[in-house]
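Worksheet: one structure, shown below.
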Amino acid sequence: MKKNKHVITGLLLLLSMAVVISGCSPKEGDSKQKAVIEKVYHWKMVTTWPKNFPGLGTGANNLASLIDKMSGGRIKVKVYGAKELVPAFEVFDAVSRGTAEMGHGAAYYWKGKNEAIQFFSTIPFGLTADEMNGWLYHGGGLKLWREVYAQYNLVPAAAGNTGVQMGGWFNREIKSLADIKGLKMRIPGLGGEVFKRAGGTPVNLPGGELYTALQTGALDATEWVGPYNDLAFGFYKVAKYYYYPGWHEPGTTLEAIINKKAFDALPADLQEIVLAACKIVNQDMLAEYMARNNAALETLINEHHVQLRAFPDDVLKELRRISDEVVEELANKDDTAKRIYASLKKYREQVTAWDEISERAFLRARTIK
Ligand code: CA
C-alpha cells in the first residue's frame, strides 16, 4: 500500500513536471519566428557567361558564395553557366518568369525587350565605372533602373564592372576615318551602330568564335573586353594591332537580376544581404579587372610583342559625334528612354566638369616630366 502510494506520488510528480515543461515551451509566435529563421532558400542563378569564365563567370560565382556566407547558409545559390539551364540570351526571361530566382549578365543584352535598358550597362562615350556607380547609387540611376525592371517582375542590381574596355584588335592600322570604311569588325550593340555609320561593317559573333574568324580573315577586327580577357583568348596570335581606348564601352556595368516574387518572399535582413553582396561584387570585379588588366597588358607587350596603338584624335572626334547622334535617337524612342537619358546626360555634364580638375588633373600631374 505504502509502495503504491509512492508510485502514485511519483506519477503525479512526473505529470506536474510535464505541465511545467509544456508551460515553458515557446509561444506559437516564437515557434513561427524560429521556423522563419531556420528556413533555407534554395536559389538558382542563371548567367550569360560560360561557366567559370575569368572575371565575369567567376564574379557570378563570388556573388553566390557571398550570399551563402553572409546569410549564414540561409540562402544557397547554385550557379549555372550559359546553356546549362537556359541559353545566355534567355536569362532575362527565365528570371522574369521565375524559372530561376536570380540571373547575372549585362543590361544591353535585353535591348530587344526595351531599348532604353541599354543605358544601364554602358553607352558609347558614356560613363566610366566610377562615374557609373556614382550615377546609379547617388545620382538617381538605380531608382530608374528598378522602376523599368519592375515591369518585368525583376529587381536589378549593379553586380560587376569591366572598367574601360580596349578599342579592339585590328589586322590593319587605323590612321584616318578612311581606314574604317568597309572594315569587318565584331562590335555589338550601340557601338556597332556607330561603327556602321562611320563606314564600317559591324558583325556580332559570340566570344568563342572570334579567334577563328580573325584567323581566317572573316573578320578584320574585333573588340572583346580588355587585356585580362583578351590575353586568355589569344587574339595577339591572329591580329597585329591592339587599339585604345574602348570608346564604345567606357565602363560596362554587369547586372544581377532577382525575380521580384522571390525577393519579396525574403525576410528584410536577407533582402539587404542579397543587395549588399551585389554591391561588394560590383566593386570587387572592378578591382580585379584593374589589377589583372595591368598585368596582362605587360605580358602582351613584353612577351607577345603586341603593337599598341591609340585611335587618332580625328577618328575619335567623329565617332563621338556619331555616338551622340545614335544615343539621342535612342533617347527619343519613348518617354522612359527620354527620362533615363535626361538623368544620365545631366549627370555626365556635371561629372565631366569635376573629373577635369580631379581625376584627369591628378593623372596628368603624376606623369608630368
Ligand atoms: Ca566589349
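The values are calculated or read from the model by the stated rules, or taken from the named source; none is laboratory data. Note that the coordinates shown come from a computational prediction; the quantities given were computed from them, not determined experimentally. With ideal geometry, Cβ positions are generated from the backbone for all residues, glycine too; neighbour counts draw on all protein chains shown.
Summary table below
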item	result
Identity of the residue in segment 82-102, modelled with pLDDT of 95 or more and either among the hydroxyl-bearing types (Ser, Thr, Tyr) or over 22 Å from Arg146 (Cα atoms) (or both), that ends up surrounded by the fewest Cβ atoms within 10 Å (Cβ to Cβ)	Glu84
First in segment 64-90 and more than 11 Å from Tyr41 (Cα to Cα), second anywhere and part of a loop (DSSP other than H, G, I, E, B) and of a type in the set (Gly, Ala, Ser), Cβ under 7 Å, 6 or more apart	Leu85/Ala100; Ala88/Ala82
Flag if Leu316 is part of a helix (DSSP H, G or I) and modelled with pLDDT of 95 or more	yes
Subset tally (residues that are more than 29 Å from the chain's Cα centre (by Cα) and of a type outside the set (Asp, Glu)) for segment 170-194	11
Meets criteria (surrounded by fewer than 21 Cβ atoms within 10 Å (Cβ to Cβ) and either within 16 Å of the ligand (Cβ to nearest atom) or touching a residue at least 24 places away in the same chain (Cβ under 8 Å) (or both)) for Val274	no
Among residues of segment 114-160, those that are touching a strand residue (DSSP E or B) at 6+ places or on another chain (Cβ under 8 Å) and among the small types (Gly, Ala, Ser), counted	6
Residues located in segment 225-255, provided they are closer than 19 Å to His305 by Cβ, outside any loop (DSSP other than H, G, I, E, B) and not aromatic (Phe, Trp, Tyr)	Pro227, Asp230, Leu231, Ala232, Lys237
Ala296 being closer than 26 Å to Ile258 by Cα, assigned to a helix (DSSP H, G or I) and touching a residue at least 60 places away in the same chain (Cβ under 8 Å)	no
Tally of residues being within 16 Å of the ligand (Cβ to nearest atom), small (Gly, Ala, Ser), in contact with a helix residue (DSSP H, G or I) (Cβ under 7 Å, 6 or more places away or on another chain) and modelled with pLDDT of 95 or more across segment 148-204	3
Close pairs from segment 240-251: first over 14 Å from Met185 (Cβ atoms), partner away from the ligand (no atom under 12 Å from the Cβ) and assigned to a strand (DSSP E or B), Cβ under 9 Å, at least 6 apart	Lys240/Phe170; Lys240/Gln307; Tyr244/Leu308; Tyr244/Arg309; Tyr244/Ala310; Pro245/Ala310; Gly251/Asn161
Matching entry among Asp314, Asp355 (being surrounded by fewer than 12 Cβ atoms within 10 Å (Cβ to Cβ) and of a type outside the set (A, V, I, L, M, F, W, C))	Asp314
Segment 207-225, subset within 12 Å of the ligand (Cβ to nearest atom) and closer than 18 Å to Thr48 by Cβ, residue nearest to the chain's Cα centre (by Cα)	Val225
